[in-house]
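> Please read through the structure below; I'll follow up with questions.
Readers should treat all values here as calculations from the given coordinates under stated rules, not as data from a laboratory. All values derive from a computational prediction rather than experimental measurement. All Cβ positions, even for glycine, are placed from backbone atoms using ideal geometry, and neighbour counts span all protein chains on display.
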Amino acid sequence: MPSASIVTDVFMRTGEAMARAWGLKEFRFLAMPHPIANLTNEQLDQRARDVVPEVARLLLEGQPVQ
């Protein structure tokens, strides 16, 4: 099932390290601005809308073959 992984920007290095540890050094994921925990529902909805084009692109392009 196609999916897109999204992290906040401060966790990019952590995401990259985890991908390498799992043998997926070229794994592609998306980042959005940190933090998100203190956002209102409306602000979080806007962040989600802002990342939709990137999610669509990642789903359409897929992950590199390992």
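> Output ³J(HN,Hα) for segment 3-8: one whole-Hz value per residue in order, computed from phi by the Karplus curve 6.51 cos²θ - 1.76 cosθ + 1.60 with θ = phi - 60°, and x for Gly and Pro.
Coupling constants for segment 3-8: 8, 10, 8, 10, 10, 7 Hz.
> Count neighbours as other Cβ atoms within 10 Å of each site's Cβ, and list the GluC sites (Glu not before Pro) in the chain that are DSSP loop with at most 11 such neighbours.
Values: sites: E16, E26, E42, E54, E61; in loops: E26.
Here the GluC sites (Glu not before Pro) that fit, given the DSSP loop and packing criteria, are E26.
> Roughly what percent of Cα-Cα pairs across the chain reach past 17 Å? Intermediate values should be presented prior to the final figure.
Working: 1005 of 2145 pairs.
For the chain, the fraction of Cα-Cα distances above 17 Å is 47 percent.
> Let me ask something else. Within a 10 angstrom radius of the beta carbon, how do I6, I36 rank from fewest other beta carbons to most? Write down the numbers at each step before the final one.
Values: I6 18, I36 13.
In order of increasing Cβ crowding within 10 Å: I36, I6.
> I've got another one for you. Note the angle between two axes, namely the Cα long axis of helix 12-21 and the longest principal axis of the Cα atoms of the chain, as a number of degrees from 0 to 90, rounded to the nearest 10.
That helix lies at roughly 30 degrees to the long axis.
> Placing unit charges on C-beta atoms (Lys and Arg positive, Asp and Glu negative, everything else neutral), compute the dipole magnitude of segment 6-61 about its Cα centre in debye, rounded to 20. Present the calculation step by step, with values, prior to reporting the outcome.
Values: 7 positive and 8 negative charges, 45 e Å.
Roughly 220 debye, rounded to the nearest 20.
> Continuing with this model, one more query. Between M12 and A48, what FRET efficiency follows from the Cβ-Cβ distance if R0 is 22 Å, with the result rounded to 0.05?
Values: r = 19 Å, r/R0 = 0.84.
Between M12 and A48 the formula returns 0.75.
> Per residue of the chain, what 222 nm ellipticity follows from adding -39500 (n - 2.57) for every DSSP H run with n ≥ 4, rounded to the nearest 500? It would help to have the intermediate numbers written out before the result.
Numbers: 2 runs with 31 residues, N = 66.
Theoretical 222 nm ellipticity from helices: -15500 deg cm²/dmol.
> Place a label point 7 angstrom from the Cα of R57 along the Cα-to-Cβ direction, then list the residues of segment 1-31 whose backbone nitrogen is under 16 Å away.
Within reach of a label on R57: 4-7, 28-31.
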